[in-house]
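Everything on this sheet refers to the single structure shown next.
What follows is calculated from the coordinates using simple rules that are stated; it is not laboratory data. Keep in mind that what you see is a predicted model, and the values were worked out from it rather than measured. Heads up, the Cβs are rebuilt from the backbone with ideal geometry, glycines too, and the neighbour counts pull from every protein chain shown.
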Amino acid sequence: MIIGQVFERFVEESPVSVMVRGLLETILCPQKLDELFEKSAKTQYTKELLFSTVVEMMNTVTCGIRPSIHAAYQAKTSQRNVSVTSVYNKLNAMETDVSAELVRETGTSMEAIIRHLNGSLPDWLPGYRLKILDGNAIGASEHRLKPLRDCNSAPLPGQSLVVLDPSLMLAIDVFPCEDAHAQERSLLHKVLTTIEEDDVWIADRNFCTLNFLSGIVAKKGYFIIREHQCFPWYDASEFRHIGSVEGGTVFEQTVKVSDDEGYLSNIRRVKIILDETTRDGDSEIFILTNLSTKVANALVVAQIYRKRWTIETLFQILTEIFNCEIKTLGYPKAAVFAFCVALVSYNILSVVLAALRSIHGIKKIEQEVSSYYLADEIRGTYRGMMIAIPPSEWKVFAKMNLIELTNILRDLAARVNLVVFASHPRAPKKTRRVLKRTRPSKRPHVSTAKILSQK
């Protein structure tokens, strides 16, 4: 496949690591990244420190290959022609539009690869493109910045709205915001500019506003959004019993909605009486949609909304597998940039999973392969692989066209030993009896060995 005995050894022993490095060479090609920066940046400019260099360093941190930006800089200090202070200055001033464009442009490239691999998941609603929208707040940073040192509250460096394509499992868009206290709805006007015909937007009740829903319809799009209690509607028809889905019983009615532009008139209101209450104590939820019953009946609408938690899986992977919240980055622009680079890393892992699906089948990969163990394999192998294989040997990936690249990915995917990455689903949690612990004042600690021997 690729010349070089050392290279072949890594292909045989850790093909997923080779896949990731090859994708990085293609997706995060320095020339493409620097062109993206020149096109997107409005106030920043390039002197000696290239945008591609900053992305490379941040990527090693978000993937857990290096523990910090300083460590990533130190690892190749002989190759840097700028100081580490210059690196942090560049990060702290990174424009949020540049960070967002990094996710969008690389996401487009990875979408093409997944589609050519035939590695996408089954469509939830054939003929329509579904997009799940949700917000994510970046965790509190350390009190490193001078204005924060005497502040006892947790400093939040920003937040983002993320758009997930559930058939590709790609984060295809992001709308970052430096103000962590800003209402998520304040970013919806940016989301509206990206809506395309036949999009189906799925979101929680926080995004159920008259302007957003009418804006979707104005762009000839559709929505499946949980109703907010303040959403205005009138003249409702009687509820009709439709049937049952996992978790509840489904009813449907038609309601009228008035908006200034007249885009909303009659929409469907689906009620689900839940078998178990939600965390908020709700025994029933209401979902609004403008899809026709021929396209999606009430049961399908309920099932699609129920799958909205898929985007929560994305956020969980970003937090537990990737380092999307770097606590030492206190400046909002730097923290947002780190989160966006983590999204790119997540997308690259999604391409690897798509390649595995194309060879081993959707069911086997979705049910039996752990993303955690895949990421752990990549982290453990990457640094040694980059020492053993010179950069010149990786350039072959950057020169490949789409057909050549997907063929290589399939060949590597066929060599993967899936047993190594087997997932271990947890059994249902057992209800535990709450025990009141005692702590004698004169015994602040005990010997575990003595306690066990007494038992």
### Cα-centred dipole magnitude for segment 36-87, charges only on beta-carbon of K, R (+1) and D, E (-1), debye, nearest 20
40 debye
### Task
Pick out, from Ala422, Pro176, Ile408, the residue whose Cα sits farthest towards the positive end of the charge dipole of the chain, with +1 on the Cβ of Lys and Arg and -1 on the Cβ of Asp and Glu.
Ala422
### Message
At a 10 angstrom cut-off on C-beta neighbours, averaged per residue, how do the peptides 197-205, 381-389 rank from highest to lowest?
### Response
197-205, 381-389
### Summary
Amide H proximity to Ile202 below 5 Å, modelled H, separation 5+ or other chain, gives Lys131, Ile132, Leu133, Ile224
### Task
Could you tell me which of rounded, prolate or oblate describes segment 1-114, using a ≥ b ≥ c as the square roots of the eigenvalues of the alpha-carbon gyration tensor, with rounded for a/c under 1.5 and, failing that, prolate when a/b is larger than b/c and oblate otherwise?
oblate
#### Entry: Listed residue (Asn323, Val336, Asn297) projecting farthest to the positive dipole end of segment 248-376, Cβ model
Asn297
### Summary
Between (1) 366; (2) 220; (3) 145, the structure-derived volume of the Cα convex hull per residue in Å³ is (2)
### Task
Could I have the simple spin-label model distance between Thr77 and Asn211, label points 7 Å from Cα toward Cβ, reported in nm to one decimal?
5.1 nm
### Summary
Taking R0 as 60 Å and r as the Cβ-Cβ distance between Asn417 and Tyr234, the FRET efficiency 1/(1 + (r/R0)^6), rounded to the nearest 0.05, comes to 0.50
## Note on the structure
Karplus-derived 3J(HN,Hα) from phi for segment 19-36 (6.51 cos²θ - 1.76 cosθ + 1.60, θ = phi - 60°), whole Hz, x at Gly and Pro, runs 4, 5, 5, x, 5, 4, 5, 8, 6, 9, 4, x, 4, 5, 5, 5, 5, 4
#### Entry: Under Karplus coefficients 6.51, -1.76 and 1.60, residue-wise ³J(HN,Hα) of segment 188-200 in Hz, glycine/proline x
5, 5, 6, 4, 4, 5, 9, 5, 10, 4, 6, 5, 10
### Query
Can you pick out the pairs among Lys42/Lys146; Lys39/Lys190; Lys47/Lys333; Lys190/Lys271; Lys32/Lys395 whose Cα atoms lie more than 25 Å from each other?
Lys42/Lys146; Lys190/Lys271
### Task
Report the charge-dipole magnitude of segment 1-84 in Debye, nearest 20, computed about the Cα centre from +1 at each Lys and Arg Cβ and -1 at each Asp and Glu Cβ.
320 debye
### Task
Report the far tail of the P(r) of segment 176-303, meaning the percent of Cα-Cα pairs longer than 23 Å.
33 percent
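Would you mind working out the magnitude of the charge dipole of the chain relative to its Cα centre, with +1 at each Lys and Arg C-beta and -1 at each Asp and Glu C-beta, to the nearest 20 Debye? Intermediate results must be reported in sequence, preceding the final value.
On the way: 56 positive and 51 negative charges, 464 e Å.
With Lys and Arg at +1 and Asp and Glu at -1, about 2240 debye.
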### Task
Counting only DSSP beta bridges with both residues in segment 92-223, tell me the antiparallel percent, nearest 5.
70 percent
